[in-house]
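Note sheet for the following structure.
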Amino acid sequence: MKRRNFLATGGAFAAGLGAGIATGSNPARAQAWPAREVTIIVAVGPGSSADAIARGVAKVMTKEIGAGVQVKNVLGGAGLTGFAELAASKPDGYTIGLVNVGGLLVFPHIMKVPYTWDSFAFLGGVAENYYGIGIAEASPIKTVEDLIAAARTRRVTYSASAIMNGVAMIQLGNAAGVKFQFVPSSTQPEAVAQAVGGHVDLVLQTPPDLVPLIEGKKLRLLASATGNRWPNYPEVKTLKELGYDAASVVPLGFACPAGVPPEARAKLEQAIAKAAGDAELAAAMRNLTIMPRAMTAAQFYQAIKSQEATVEGILVAASMKKT
Amino acid sequence: MENLLLGFSVVVTPANLLYCLIGTFLGTAIGILPGVGPLATIAILMPLTVHMDVTSALIMLCGIYYGVAYGGTATSVLLRIPGEASSVVTCLDGYMMARNGRAGAALTIAAIGSFIAGTIGTIAISYASPPLAKLVFAFGPAQYTALMLAALAAVTYFSGGPLLKVLLMVGFGLTLGCVGADPMTLTLTLTPRLTFGSLDMVGGIDLTALAIGLFGFSEILWMARQPLAKLKLIPPPKTLLGFLPNREEVRRSVMPVARGTVLGFMVGVLPGGGAMLASFLSYAVERKFCRYPEQFGKGAVEGLAGPETANNAGTSGALLPLLCMGLPANAVSALLLTAFMIHGVAPGPAMVERQPEIFWGLIASMYIGNVMLLVLNLPLIGLLVKILEVPRAYLSPLILLLCVIGVYSSGGASAVTVAVAFGFLGYFLRRLDFDLGLLILAYVLGPILERSVRQALTISGGEAKIFVADPLSIGLLVAAAVFLAAGLMPNRKLSLREDA
Amino acid sequence: MGWAMGRVAMPGRVKERLPFLANLTLSLLLLWQARGLDSWSILGPGPGLFPQLTTAFCAVVAGLLVLFPGLARTPDKSAEDGETEIGPAERRLFLAYGLALPFLALASVFTGFIAMSAFLALALTWGAERRSWRGALVFGLLCGLAGVVGFDHLLGASVPATVLEQSILRLFR
């Protein structure tokens, strides 16, 4: 962390020196910001759909603010490192970060983290993940009712590569008075393969992970575990439509460290809103089956904050919450 | 056959051939340069391909993917810097071949072996996909546990050193694999393990830092301590075709290449260990089969040909579950899956039926790409071996700086510190004649083993009989037990070899 | 520990045991680190189980080797590798390279890549290997530039960067 602060300070100093040159080409924006390129910290690896979205947004933002916008993957600590780096970065508007639920909702409850909600200023959201319950094609369980009936008589397991995917299963279990056993997987394909091979009963993942196998008749989509039905399988109902108040909600958006000058912040918000409405990005998202969903800074904050009670309840129930 | 012809008809257009060439060339370059990984490159190139034709884009990205496995050999052979994790084994005998003046031969054998492995791998994907893909689903947590135990036991048995020293390295590697946040409950509780309270260690020990430290940095120390007279390299032959292997080397490479191809492909199909496990197993097997086991570690051709082939076969093997099932077997093929999806292609059985031109186009491009790689790589070899003629006064700083770039790109400044620490450790372990390869392998397999054990017990609710519930796991466990038992009788093993 | 000290009279055997003793100490230290972790959790086996097993395994193996160092001897291999006598020239070189490594670790935190390359080349090429200092400096600076421009800018790798590196990078953007 020491090193990164040093970098940021050095960078700011250099920016001061170079400001005249960098903004010279664009006199209309010759005020303080942006004098150099903006970095988006992404706490997941290249290849995930969140990373693809961040890169798409960066492309639109580059055009919008007239300065380079680059994506920097900061991995490690299950995404904690990226979050901590964002919180510790200088609030000058040159460092923003992709925010998902884990960093703000899960980690602070279970361990000491070097940031709080107040460390960040939210800039707006661009998308929301779809989740679905996948089950091996050959399984005798055909409906959610079958599933609940099975869970009353035996141990029913589900795999997922992140706890947030499984929120719907925990809520479903609570609503129906049964328990589903979570088996954490390290990667998305591992979670899927275990369900197809019958090693676990179910899998909770996003469409990019499940679609190839659903199309290949190895998996069935039992229900959508999100608020909406999947656009590519409109006949499969959501858990809510089936009468269970259960949904995994993971909004994707951006935040910067608290204390960024209002002028820079306004421009960032504007650029992100523009990206959220970009047709090309929306098309890319549709191909990845991610729900494009433009959210203002306040809406995005609310979307995450409203999850807090649910997640906390789950963590308490799982006796994972730090004391 | 008809399908394959369709594929070739898609690929053989000037534009697609050009993209295939660009992809394979980039892949080779990335593989050669440490610090520049395929993951970052594909991620950077992906947005640029959005406007390209779907088939062309995928052909180029896949070209990068398998091109890297070719290029990774060069720095391992020439400088003892593992360019990719799967070329760690190449640092052992490939590098020693270079010290013996056979650098050109080593690189040529590796390139030809890779070509054979890549081509046969592609043939296997074209004709044997469905049964092989089933293998992916047969392996659940219990089966993985058994597989990892069998692999560790096999490598322990084959490695041949004093059993306790071998076990110490395995145990140490497994322990290193535990360092950092607990991977199993990662999304629930971030439990730091064996970190001595350091935040930098929460992310675990970086594989690149470990490999470059143990091999690259330790070699610098090793070389510095050698008497100047002993350091004289046997210069590579000066003739035009001097980089070609001689008849003896070719003869000794044939079987390792054949075995490496089969072994590598089978292991590569399974997610997890992939190309790296393939190369280690191949090295272990070759050491056992070789008629000159005393040459191993001193520049045995078999110790280069087998693992290099297995590594490339493993790379093709890992594409199979992606193309046929939409299940990527490693991080890079996961990135390829995203690229597919961005272009609106969902790989899997449905792709073969609905978009045969894309599936077979890719397969055809892989045949062509492998030929391109060979043509691209052979002339490069003459150029690459020249680096050995650079005097140590200039070569050493160059090696150190390349190592720093590689490690820093992968894990930042704290990773450099880790790599330096492992550089010293590696140097002392080498002086004490410990097997460093085993350490790295155990480090890679350890987390898979741990995760599998814990997942299995979570599924069964703590009952151990899940590990012996089906023939596959029982068979693998028996194999593990046999290897371990055989390893306990080192003296008999030695005398047998002397009789033969 | 005390047991091993008692054998100082036989330096050869102590020397043979020393690495295993170091290993045993390290294993016990790690085992002590792992001791506090839960070995069982609600998901089944907990985060502590595996580290406790592996470190205990290491400790047992290392302990055996301390007790019976003969088990680690290889029958056919003699001391030909590495144990050769070295003269003052090699000793000096080894020291220079041995110091270069920690320098790299420090430099990646504090100095940036170009200064690191320049110092390294001066120290090794000029200081240790006795080439001309001018050549060494030019070589070092060239390496630094190649790293920043070639690897960082063109290839997307990253090198330690300070003000100097960042201003060079800006020239290319």
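The values are calculated or read from the model by the stated rules, or taken from the named source; none is laboratory data. Just so we're clear, the structure is a prediction, and the values are computed from it rather than from any experiment. For neighbour counting, all protein chains shown are included, and Cβ atoms are generated from backbone atoms with ideal geometry for every residue, glycine included.
So is A:A258 in contact with a Leu (Cβ under 7 Å, 6 or more places away or on another chain) and in the same structural domain as A:Q307 (by TED's automatic domain parsing) or not? Break it down into steps so the answer makes sense when it comes.
Numbers: in contact with a Leu (Cβ under 7 Å, 6 or more places away or on another chain): no; in the same structural domain as A:Q307 (by TED's automatic domain parsing): yes.
Taking the combined requirement at face value, the residue does not satisfy it.
For region B:81-180, please list each of the helices (runs of 4 or more DSSP H) lying entirely inside it that holds at least 3 residues being farther than 28 Å from B:G213 by Cβ and more than 20 Å from the chain's Cα centre (by Cα). Working first, answer last.
Details: elements: B:90-99, B:103-138, B:141-159, B:163-178.
Correct list: B:103-138, B:141-159.
Could you count how many residues in region C:89-115 are small (G, A, S) and at the interface with another protein chain (Cβ under 8 Å from one of its Cβ atoms)? Before the answer, list the steps.
Quick first cut of region C:89-115, residues small (G, A, S) only: C:89, C:96, C:98, C:100, C:105, C:107-108, C:112, C:115.
This time we only want the ones that are at the interface with another protein chain (Cβ under 8 Å from one of its Cβ atoms), so: C:89, C:96, C:98, C:100, C:105, C:108.
Residues in region C:89-115 being small (G, A, S) and at the interface with another protein chain (Cβ under 8 Å from one of its Cβ atoms): 6 in total.
If B:K134 satisfies every condition in (1) within 14 Å of chain A (Cβ to nearest Cβ); (2) touching a residue at least 40 places away in the same chain (Cβ under 8 Å) but one, which is the exception?
The single condition B:K134 does not satisfy is (2).
Scanning for something at the interface with another protein chain (Cβ under 9 Å from one of its Cβ atoms), closer than 30 Å to C:G112 by Cβ and of a type in the set (G, A, S), does region B:395-402 turn up at least one residue?
Kept after step one, since they are at the interface with another protein chain (Cβ under 9 Å from one of its Cβ atoms), are these residues of region B:395-402: B:396-398, B:400-402.
Next, from what is left, pick out any that are closer than 30 Å to C:G112 by Cβ: B:396-398, B:400-402.
With of a type in the set (G, A, S) added as a condition, the list becomes B:396.
Scanning region B:395-402 turns up at least one residue that is at the interface with another protein chain (Cβ under 9 Å from one of its Cβ atoms), closer than 30 Å to C:G112 by Cβ and of a type in the set (G, A, S).
Please determine, by comparing only the residues of region C:60-74 that are more than 9 Å from every other protein chain (Cβ to nearest Cβ) and among the small types (G, A, S), which one is surrounded by the most Cβ atoms within 10 Å (Cβ to Cβ).
Of the residues in region C:60-74, the ones more than 9 Å from every other protein chain (Cβ to nearest Cβ) are C:63, C:66-67, C:69-70.
From the residues that got through so far, the ones that are among the small types (G, A, S) too are C:63, C:70.
On the way: C:G63: 16, C:G70: 10.
Filtering first and then ranking leaves C:G63.
So that you can scan it fast, the table gives a plain yes or no per residue for (1) within 30 Å of B:A469 (Cα to Cα); (2) surrounded by fewer than 24 Cβ atoms within 10 Å (Cβ to Cβ); (3) in contact with an Asp or Glu (Cβ under 9 Å, 6 or more places away or on another chain):
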{"position": "B:G101", "(1), (2), (3)": "no, yes, no"}
{"position": "B:I112", "(1), (2), (3)": "no, yes, no"}
{"position": "B:G118", "(1), (2), (3)": "no, no, no"}
{"position": "B:I123", "(1), (2), (3)": "no, yes, no"}
{"position": "B:P130", "(1), (2), (3)": "yes, yes, no"}
{"position": "B:A138", "(1), (2), (3)": "yes, yes, yes"}
{"position": "B:T145", "(1), (2), (3)": "yes, no, no"}
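Between B:N311, B:N330, which is under 14 Å from the mean Cα position of the chain (by Cα) and modelled with pLDDT of 80 or more? Walk me through how you get there before you give the answer.
On the way: B:N330 fails: modelled with pLDDT of 80 or more.
Unique residue meeting the criteria: B:N311.
Among the residues of region B:67-78, is any assigned to a loop (DSSP other than H, G, I, E, B) and farther than 20 Å from B:D206 by Cβ?
Step one: list which residues in region B:67-78 are assigned to a loop (DSSP other than H, G, I, E, B), which gives B:72.
Narrowing the set further to residues that are farther than 20 Å from B:D206 by Cβ leaves none.
The answer is no; no qualifying residue exists.
Here are some residues: A:A283, A:A247, A:A273, A:A266. Which one is surrounded by fewer than 22 Cβ atoms within 10 Å (Cβ to Cβ) and assigned to a loop (DSSP other than H, G, I, E, B)? Please lay out each step first, then the result.
On the way: A:A283 fails: assigned to a loop (DSSP other than H, G, I, E, B); A:A273 fails: assigned to a loop (DSSP other than H, G, I, E, B); A:A266 fails: assigned to a loop (DSSP other than H, G, I, E, B).
Just a single option satisfies the conditions, and that option is A:A247.
Within region B:351-358, is there a residue that is of a type in the set (D, E, K, R), away from every other protein chain (no Cβ under 14 Å) and assigned to a helix (DSSP H, G or I)? Can you show your working first?
Of region B:351-358, the ones of a type in the set (D, E, K, R) are B:353-354, B:357.
Next, only the ones that are away from every other protein chain (no Cβ under 14 Å) stay: B:357.
Still in the list and also assigned to a helix (DSSP H, G or I): B:357.
Yes, region B:351-358 has at least one match.
If A:A121 passes every condition in (1) free of Cβ contacts under 8 Å to residues at least 60 places away in the same chain; (2) over 22 Å from A:I314 (Cα atoms); (3) not in a loop (DSSP other than H, G, I, E, B) but one, which one does it miss?
(1) is the only condition that A:A121 fails.
As an exercise: evaluate C:D152 against (1) over 16 Å from B:Y408 (Cα atoms); (2) at the interface with chain B (Cβ under 10 Å from one of its Cβ atoms); (3) outside any loop (DSSP other than H, G, I, E, B) and give the number of the one condition it does not meet.
That leaves (1) as the condition not met.
Every residue in region B:27-55 that is under 26 Å from B:L378 (Cα atoms) and surrounded by fewer than 23 Cβ atoms within 10 Å (Cβ to Cβ), please.
Step one: filter region B:27-55 for residues under 26 Å from B:L378 (Cα atoms), giving B:27-39, B:41-42.
Matches in region B:27-55: B:A29, B:I32, B:L33, B:L39.
Please find, within region A:195-222, the residue that is nearest to the other protein chains (Cβ to nearest Cβ) out of those that are out of contact with any helix residue (DSSP H, G or I) (no Cβ under 7 Å at 6 or more places or on another chain) and assigned to a helix (DSSP H, G or I).
The qualifying residue nearest to the other protein chains (Cβ to nearest Cβ) is A:V211.
Being over 20 Å from A:T289 (Cα atoms), within 9 Å of another protein chain (Cβ to nearest Cβ) and modelled with pLDDT under 85, is that true of even one residue in region A:146-162? Don't jump to the end; show me each part of the working.
Keep residues of region A:146-162 that are over 20 Å from A:T289 (Cα atoms), which gives A:146-159.
From what's left, within 9 Å of another protein chain (Cβ to nearest Cβ): A:155, A:157, A:159.
Restricting the remaining residues to those that are modelled with pLDDT under 85 gives none.
No - not one qualifying residue is present in region A:146-162.
Among the candidates C:L141, C:L145, C:L164, single out the residue that is among the aliphatic types (A, V, I, L, M), more than 10 Å from chain B (Cβ to nearest Cβ), touching a residue at least 24 places away in the same chain (Cβ under 8 Å) and under 25 Å from B:L39 (Cα atoms). Show your work before the answer.
On the way: C:L141 fails: under 25 Å from B:L39 (Cα atoms); C:L164 fails: under 25 Å from B:L39 (Cα atoms).
So the residue among C:L141, C:L145, C:L164 that is among the aliphatic types (A, V, I, L, M), more than 10 Å from chain B (Cβ to nearest Cβ), touching a residue at least 24 places away in the same chain (Cβ under 8 Å) and under 25 Å from B:L39 (Cα atoms) is C:L145.
Can you tell me which condition B:G344 does not meet? The list is (1) under 25 Å from B:G260 (Cβ atoms); (2) within 14 Å of chain A (Cβ to nearest Cβ), and all the others hold.
Against the list (1) under 25 Å from B:G260 (Cβ atoms); (2) within 14 Å of chain A (Cβ to nearest Cβ), B:G344 comes up short only on (1).
Each row is one residue, and each column tells you yes or no for (1) more than 9 Å from chain C (Cβ to nearest Cβ); (2) outside any helix (DSSP H, G or I); (3) farther than 28 Å from B:T41 by Cβ.
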residue: B:Y367; (1), (2), (3): yes, no, no
residue: B:I387; (1), (2), (3): yes, no, no
residue: B:I405; (1), (2), (3): no, no, no
residue: B:L439; (1), (2), (3): yes, no, yes
residue: B:L449; (1), (2), (3): no, no, yes
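Pick from A:A283, A:A225: which is under 21 Å from the mean Cα position of the chain (by Cα), modelled with pLDDT of 85 or more and within 14 Å of chain B (Cβ to nearest Cβ)? Full working, then the answer.
Working: A:A225 fails: within 14 Å of chain B (Cβ to nearest Cβ).
Matching residue, one of A:A283, A:A225: A:A283.
Answer yes or no: is there a residue in region A:148-163 that is assigned to a helix (DSSP H, G or I) and surrounded by 24 or more Cβ atoms within 10 Å (Cβ to Cβ).
The answer is yes; a qualifying residue exists.
For every residue, the table says whether it meets (1) under 26 Å from B:A413 (Cβ atoms); (2) at pLDDT 85 or above.
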residue: A:Q31; (1), (2): no, no
residue: A:V44; (1), (2): yes, no
residue: A:G56; (1), (2): no, yes
residue: A:M61; (1), (2): no, yes
residue: A:P91; (1), (2): yes, yes
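How about region A:203-226: which of its residues are surrounded by fewer than 24 Cβ atoms within 10 Å (Cβ to Cβ) and without any contact (Cβ under 8 Å) to a residue 24 or more places away in the chain?
A:E215, A:G216, listed by residue number.
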